[in-house]
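A.B. asks: The structure is given below, and queries will be raised subsequently.
Coordinate-derived values only; no laboratory data. Quick caveat: nothing in here was measured; it's all calculated off a predicted structure. Glycine also receives a Cβ, built like all others from the backbone with ideal geometry; neighbour counts cover every protein chain displayed.
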Amino acid sequence: MELCQHLTEARTEDPPARTPQGCEECLAIGARWVHLRRCLSCGHIGCCDSSPNRHATGHATEIGHPVIASFEPGESWRWCYVDNVMG
């Protein structure tokens, strides 16, 4: 299976994590999250779609950064919002 262009062009090295202890927006408003995702364009840390506020998806939609990676220990998958594929 061929990966989408966004996944193949996404950073292979980790972008700097700006707030590794949790979702940036949830920490700012005192909300909770379920799992964390890292934007592979800028390093933004946001909460997953199972979290009440879905900040990772919000970041991708608002800013236009297409690929996130799991920021959970032991997980190494990536997701492209544009093509709706996992890599």
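A.B. asks: Net charge near residue 55, counting Lys/Arg +1 and Asp/Glu -1 over other residues with Cβ under 12 Å of its Cβ?
C.D. replies: Spelling it out: positives minus negatives among the neighbours equals 0.
A.B. asks: Can you list, by residue number, the Cys in the chain that have no neighbouring cysteine C-beta under 4.7 Å?
C.D. replies: Unpaired cysteines in the chain: 4, 39, 42, 48, 80.
A.B. asks: Could you list which residues have their amide H under 5 Å from that of residue 87, counting only those 5 or more apart in sequence or on another chain, with H placed in the peptide plane?
C.D. replies: Amide H neighbours of residue 87, under 5 Å, 5+ apart: 78, 79, 80.
A.B. asks: At a Förster distance of 25 Å, what's the computed FRET efficiency of residue 35 paired with residue 5, Cβ-Cβ distance as r, to 0.05?
C.D. replies: 0.45
A.B. asks: Over the chain, what is the relative contact order in whole percent, taking alpha-carbon pairs under 8 Å and six or more residues apart?
C.D. replies: 26 percent
A.B. asks: Just to be sure I understand, if you calculate semi-axes √(5λ) of the Cα gyration tensor in Å for this structure, which of (i) 22, 17, 11; (ii) 19, 16, 13; (iii) 21, 13, 12 do you get?
C.D. replies: Calculated semi-axes √(5λ) of the Cα gyration tensor in Å: the matching label is (iii).
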